[in-house]
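Shown next, in structure tokens, is the structure this report addresses.
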Amino acid sequence: MTFTPSEFDYIRRLVLEQSAIVLEEDKQYLAESRLLPLARREGFDSIASMVAWLGAKRFDGLQRKVVEAMTTNETSFFRDFHPFEALRKSVLPELMTKRACCMGLNFWSAACSSGQEPYSLTLLLQEYFPALPDWRVRIIATDLSAEMLARAQEGRYSQLEVNRGLPASLLVKYFRQHGSDWQIREDLRRRVEFQILNLAETWPLLPPMDVVLMRNVLIYFGVETKKKILSKVRQLLKPDGFLFLGGAETTFNLDDAFERVQFDRTICYRVRKA
């Protein structure tokens, strides 16, 4: 059920062309694990036969499904914990003081996958910032995958997914059980705006951002694509706004207009003052 090196090269080129994501040569095992279920769902007897169909230039939406299968990233509620602590203890109190006159905040969760990150932010605001219902708060969540966004909009998660990072007190308070699944309350789901967005392509119009969560996604791009993305983030971020990247990511040697800001064990970035 595996495929040949040339077939894997085709998949790598397809993913690069349509998403700018660099699929390393040692990721064939990952491609096999993700594409085999897709091949079966689409009626193929093997990954190789699916690749042959794709190679025949039959543009029936299957290419998009392959790219989405290969660009779906790992996620969980309150992932890595410390960035959310920095938001709760330092970043949000500072921003709320500065925005008290206009009473508005904009957040962007980029590459949100199945939605745990923007919903974690929603829960954080709901639980610890009781004054914010009187504010104009926008939480925009984007992803390349239409399938992931559909899942995120539904806000429904398995027991295993809610067990990963979600405190039991928040689960009981803000989720409703449906059989073995849990669904976040409708009023909280409505607070998140989900949109399709390919970070490597033209972005739709977005409002100036106070906080951008672009965590654990730049690692999948080449250097030039990273630079272009960071440049666009810099133009979108308010002068005193904050950019959160993943623990293995940095703006260093990519965009010197950013400076590091550290809150306890969390490093984030803001635009360097002129």
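Readers should treat all values here as calculations from the given coordinates under stated rules, not as data from a laboratory. Bear in mind that the values here come from a model prediction, so they are computed numbers and not experimental data. Quick reminder, even Gly has a Cβ in these numbers, built from the backbone with ideal geometry, and neighbours come from all protein chains shown.
Considering the Cα positions of the stretch 55-117, please state its Rg to one decimal place and its Dmax as a whole number of Å.
18.8, 59
When only alpha-carbon atoms are used, what values of Rg and Dmax, in angstrom, describe the stretch 144-274?
Radius of gyration, then largest Cα-Cα span, for the stretch 144-274: 17.3, 55 Å.
Give the order of V66, V211 when sorted by the count of other beta carbons within 10 angstrom, beginning with the fewest.
Sorted ascending by nearby Cβ count, the order is V211, V66.
So, in nm, how far is label D187 from label A100 when the simple model puts each one 7 Å beyond its Cα toward the Cβ?
2.7
What share of Cα pairs, in percent, lie more than 25 angstrom apart in the chain?
Tail fraction, whole percent: 50.
Where both residues lie in the chain, what percent of DSSP beta bridges are antiparallel, nearest 5?
Percentage antiparallel, nearest 5: 45.
How much length would be gained if the chain were fully extended between R176 and T2, taking 0.36 nm per residue of separation minus their Cα-Cα distance, in nm to one decimal?
In short, 58.6 nm is gained.
Which one, K226, K57, K65, has the greatest fluctuation when you compute a Gaussian network model over the chain with C-alpha springs under 10 angstrom?
K57
Quick one: among A69, A100, A39, which has the greatest mean-square fluctuation in a GNM of the chain with alpha-carbon springs under 10 angstrom?
A100
For a quick protection proxy, order the peptides 74-86, 252-264 by their average other-Cβ count within 10 Å, most packed first.
Result, highest mean first: 74-86, 252-264.
Using modelled amide H (1.01 Å from N, peptide plane; none on Pro or chain starts), what sits under 5 Å from the amide H of V22, excluding residues fewer than 5 places away?
F221, G222
In the chain, if the dipole is taken from +1 on Lys/Arg beta carbons and -1 on Asp/Glu beta carbons about the Cα centre, which of F107, L14, I47 is farthest to the positive end?
Among F107, L14, I47, the one farthest towards the positive end of the dipole of the chain is F107.
Share of Cα-Cα pairs in the stretch 156-208 beyond 19 Å, in percent?
Roughly 45 percent, once rounded to a whole number.
Can you give the extra length, in nm with one decimal, that the chain gains between D240 and E147 once fully stretched, where that is 0.36 nm per residue apart less the Cα-Cα distance?
Gain in length upon complete extension: 30.1 nm.
Using the structure shown, select from K227/K273; K65/K173; K228/K273; K226/K273; K98/K273; K89/K226 the pairs with a Cα to Cα distance greater than 25 angstrom.
In this structure, K65/K173; K89/K226 exceed 25 Å between Cα atoms.
Nearest 10 degrees, 0 to 90: what angle lies between the long axis of helix 62-71 and the longest principal axis of the chain (Cα atoms)?
Helix 62-71 sits roughly 50 degrees off the main axis of the chain.
Stick to the Cα atoms of the stretch 5-71, pair each with every other, and give me the Kirkwood hydrodynamic radius in Å at one decimal.
11.8
Please give the per residue volume of the convex hull enclosing the alpha carbon atoms of the stretch 69-190, rounded to a whole number of Å³.
It comes to 108 Å³ per residue, whole-number rounded.
Based on other C-beta atoms within 10 Å, arrange W182, W203 from fewest to most.
So the ranking, lowest neighbour count to highest, is W203, W182.
Please report how far the C-alpha centroid of the stretch 75-119 lies from that of the stretch 122-166, rounded to the nearest whole angstrom.
11
What order do you get for R99, R272 when you list them from fewest to most C-beta neighbours inside 10 Å?
Ascending number of Cβ neighbours within 10 Å: R272, R99.
Count the DSSP beta bridges whose two residues both fall in the stretch 164-274, then state the antiparallel fraction as a percent rounded to the nearest 5.
Bridges in the stretch 164-274 are about 70 percent antiparallel.
Mind pulling the angle between the C-alpha long axis of helix 116-128 and the longest principal axis of the chain? Nearest 10 degrees, somewhere in 0 to 90.
For helix 116-128, the angle is close to 20 degrees.
Viscosity 1.567 mPa s, temperature 4 °C: what is the translational diffusion coefficient of the stretch 201-249 from Stokes-Einstein with a Kirkwood Rh over Cα pairs, rounded to a whole number of µm²/s?
113
For the stretch 136-141, what does the Karplus curve 6.51 cos²θ - 1.76 cosθ + 1.60, with θ = phi - 60°, yield as ³J(HN,Hα) per residue in whole Hz, taken in order and with x for Gly and Pro?
Going residue by residue, I get 8, 10, 10, 10, 9, 10 Hz, with x marking Gly and Pro.
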